[in-house]
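Below is one structure, written out as structure tokens; the observations come after it.
All of the numbers you see were taken from the coordinates with simple rules; none came from a lab. All of these numbers come straight from a predicted model, not from anything done at the bench. Cβ sites come from the backbone with ideal geometry, for glycine too, and all protein chains shown count toward neighbours.
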Amino acid sequence: MTLVAILTVSDRASRGDYEDLGGPATESWLRAAIASPFECLRRTVSDGVESVGDALVALCDRDNADLVLTTGGTGPSPRDLTPEAMRKIVTKELPGFGELMRQASLAKVPTAILSRQTAGIRGRTLVINLPGKPSAIDVCLHAVFPAVPYCLDLIGAGRIETDPAVCPSFRPAFLDVHRFSASKASSHAGG
């Protein structure tokens, strides 16, 4: 089963001083958008390059998450270091995710230019940095999630199908035709 991990990055939430709103909002969005079975794992960690980096490595390498969504730590304040932590642990950065999230967010608020979201790959895990505010999470996931299932296919992670009424995903036709042909060939071989 596909494992999706949500990592809330917040000093206050990790201490219990503040109710985590980003993690539950992210999980709620995923449960509405993903049509295929998946398991959701949630963690909270304090801000900081080391704490976030260690948590990401554990989710990717120990827990074998297919997709990790961080929420929080993407702004310009001194403790907002989630993108720096992610860059230290990924082998490939995918800057188009951040570019599209900022573009979509700019249609809602002019302060979106202060956001530093990005994404990257570690092994067979896609890591995406999201903002911490639930309304911004919704905007950003609607913008980038159509590309997530195909990205997971390309890196050999678990397969995700989305509910097209909530979030239509995009896979090139040749990929779906190839899977259909392989499925049809195996069904013919059996009978």
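Values as computed for the structure displayed
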| quantity | calculated |
| --- | --- |
| Segment Ala35-Lys88, length gained on full extension (0.36 nm per residue, minus Cα span) | 15.8 nm |
| Length added when fully stretched, Tyr150-Ser28, from 0.36 nm per residue minus Cα-Cα | 41.8 nm |
| Simple label model, 7 Å out from Cα along Cβ direction - Arg124 to His142, nm | 3.4 nm |
| Helix 134-144 vs. the chain, principal-axis angle (Cα, 0 to 90°, nearest 10) | 40 degrees |
| For the chain: span of alpha carbons on each principal axis (Å, largest first) | 62, 37, 28 |
| Nearest-ten-degree value, helix 173-189 long axis tilted from longest Cα axis of the chain | 50 degrees |
